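Computed from the coordinates by the stated procedures, all read-outs in this text should not be read as laboratory data. As the structure is a computational prediction, the values presented were derived from the model and not from experiment. Backbone-built Cβ (ideal geometry, glycine too); neighbour counts: all protein chains shown.
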Amino acid sequence: MVRSTSPRFCPRVHGSVHESTVLSTSPRFCPRVHGSVHESTVLSTSPRFCPRVHDSVHESTILSTSPRFVTCPADVSSTCTTSPHARPHERTRICTLRKMDTRALRNPYSDYDGNPASTQSLFDTQGRLTPEFSQRLSSKINELMSVMENGLGSADPRDCTTYTGWTGIALLYLHLHKVFGDSSFLHKAYEHVSHALQSMTRRRDVTFLCGDSGPLAVAAVLYHRLQRPQEADDCINRLMQYHEAVVKGSGTLPDELLYGRVGFLYSLLFINQQFGQDKIPLDYIQQICEAVIVSGDHQSRRFRVQNQTPLMFEWYQEHYVGAAHGLSGIYYYLMQPGMVSSVEQLHRVVKPSVDYVCALKLPSGNYPPCVGDDRDLLVHWCHGSPGVVYMLLQAYKVFGGAGYLEAALQCGDVVWRYGLLKKGYGLCHGAAGNAYTFLALHRHTGDPKHLFRACMFADWCMNYGRHGCRTPDTPFSLFEGMAGTIYFLADLLQPMRAKFPAFEV
Ligand SMILES: [Zn+2]
C-alpha cells in the first residue's frame, strides 16, 4: 500500500492538486484517473477532487516519498503500462517504445484521394452535405440523445460545470435549437441550466468550462432566446461581478482556459457572439487580455526565458502547450480581433510568443504537452496538435506566413493518423474533439479533403461503443462523453458554421 501526502501530486490534472491525501490499494495508481480509479481506494480531504485528468496522468505513478518512485507524469516512467514498482531503467526502456499509436486505434478509413466520386455520397462540390448523409447524422443524433437522456439519470446532481455537468448539457440543447430550430430544445436547456444555477461553485472557479461563469453565460443566452431580457441582464450582471477579481487576480488565478483568466474571457465572448452585439463592452475584454499579457511577461522574466519568448505561462509547475491549459489556448484568444488594443503590442509580444510554440513542434508534426517534454504521445484537443491547430490558423489569419498554415495542415495529418483515440468519442480527449481539427481546416482552406476526413471521423463516432474504447467517468457529459459526440455530429450538419464548443470564437 502506498500512501502519499505530497503536495505536488499529479500536475496534469485540471483541479487543485494540493488539497488531497490519497490512499491507494492499487499499484497502478493515480486517483485522478478516468480508467484506473476503480482499482483504487481514494480518500480525499478535499471536496474539490478533480476527476478531469488528461491522458498522461491516467497511467501515471504516484509521487511518493519513496525514492523508488519517480515523479509523476512529467517523468518518462509515468507513461509505462507496467507497474510503477518496476525499476526505473526497465520503465525507461519500455517507454521509449511507446508512441502516439499506442493511444489510438488504427484509422481504418482510406484517405481522400482527390476524386470527387469518393465524396459524392457525403457532400457536394460546395461542401453541402447530401440529404442521405444528413439524414444518417440526424437519426444517429436522435438515437444517441435518447441514450444520453436516460443515462443522465445517474449523473452527479451537483456538477454545475460545462465540462462534465449540467451547463454542458444545456449548451448542447442550445446548440440543437440553433441547428434544428425546435423550441422544445430551449425548454430542455432551461431545465438543465436552472439545475446548474442552483449548484454553482460560489466563486471558487470562474471559467466557462469549469466555473460559475459557464452557467451564468449560458443562462443569459438562453433567456435572450426566450425573449426574457430582464433575466438575461440579471445573469450578465452577476457574471460581471467576477470581472474585477479576474483582472486583478488573486495570486493563484492562472491564465489558462480551464481554470484561468481566458476561461472567464470566453464567457464574455460567448455572450457577445450569441447576442450578436457587444453586451459586454470591449474595454472589459481588453482589460482581461492586458492582465494576461502582464502575467505572461512577468512569468517569462521569472523563468528567465524572455530571450526566447516575451510571454510564458505556468500551471501547476509546468509550462503547458495545448489548448486546455497551455500557451496555444491563451495565444488563440490574444490574437482575436480587438483583444490586444495595440497592433504594435500584438506584433512585438504575441507573435514571437506564438513562434516560440511553433518551434516546439515535434518531428511528427504534433506538439508536446509541456515545454521541455519531447514525448510524442498525446493527440487530444487538450494536449497536442488537435488543440494547437487553432492557434496556428489564427496566426496565419492575423500575421500571414505560409509556415503557420503548413504547420496547421501537419496537425490535420497527425490527427487523421492518430486521432481515433482509445479514450473514446468525446471532445476533450476523444474522436469528436479531434474531428473539429478537420472542420477548422476546411473552413480556413475550403479543401474538401478536410471535410472528407471530418465525415470519416463522424462515421467512427456513429459507431459509438463498437471499438472497445474506454468509458469515461462522466459518460454522458459534454467534454468527456456522449453529449460532446452529439454536439459534433450536429455541427457537421452545417460544416462551415461548426465551432469547437466552449473554445472556438
Ligand atoms: Zn482532455
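Spatial offset of the stretch 273-287 relative to the stretch 290-369 amounts to 23 Å, using the alpha carbon center of each.
Along the stretch 310-320 the Karplus relation, 6.51 cos²θ - 1.76 cosθ + 1.60 evaluated at θ = phi - 60°, assigns HN-Hα couplings of x, 10, 8, 9, 10, 9, 6, 6, 9, 9, 6 Hz to successive residues, with x for each Gly and Pro. Max-minus-min Cα coordinates of the stretch 398-475 on each principal axis give 41, 22, 18 Å, with the largest extent listed first. Can you grab the distance from the C-alpha centre of the stretch 224-241 to the C-alpha centre of the stretch 390-406, Å, no decimals? Each part's Cα centre sits 36 Å from the other's. For residue 104, the amide hydrogen comes within under 5 Å of the amide hydrogens of 422, counting only partners 5 or more places away or on other chains and with H modelled in the peptide plane. Residue ranges 201-212, 284-295, 259-270, 320-331 sort as 320-331, 259-270, 201-212, 284-295 when ordered by packing (mean number of other C-beta atoms within 10 Å per residue, highest first). Sorting the segments 364-371, 233-240 by their mean number of nearby beta carbons within 10 angstrom, highest to lowest, gives 364-371, 233-240. A simple spin-label model places the labels of residue 106 and residue 272 4.9 nm from each other, with each point 7 Å out along Cα-to-Cβ.
The Cα atoms of the stretch 298-454 give a gyration tensor whose axes a ≥ b ≥ c have a/c of 1.5 or more with a/b no greater than b/c, which makes the shape oblate.
Here the Karplus curve 6.51 cos²θ - 1.76 cosθ + 1.60, taken at θ = phi - 60°, turns the phi angles of the stretch 477-494 into couplings of 6, 5, 8, 10, x, 5, 4, x, 5, 4, 4, 5, 4, 5, 5, 5, 4, 10 Hz, with x standing for Gly and Pro. Between the C-alpha center of the stretch 449-505 and that of the stretch 136-167 there is a gap of 13 Å. When peptides 430-442, 144-156 are ranked by their average number of other Cβ atoms within 10 Å per residue, the highest-first order is 430-442, 144-156.
Straight-line reach from residue 351: taking Cα to Cα under 19 Å and skipping same-chain neighbours fewer than 8 places apart, the lysines in range are 361, 397.
Proximity of backbone amide H atoms, modeled 1.01 Å from N, is registered between residue 123 and 130 at under 5 Å, excluding neighbours fewer than 5 places apart on the same chain.
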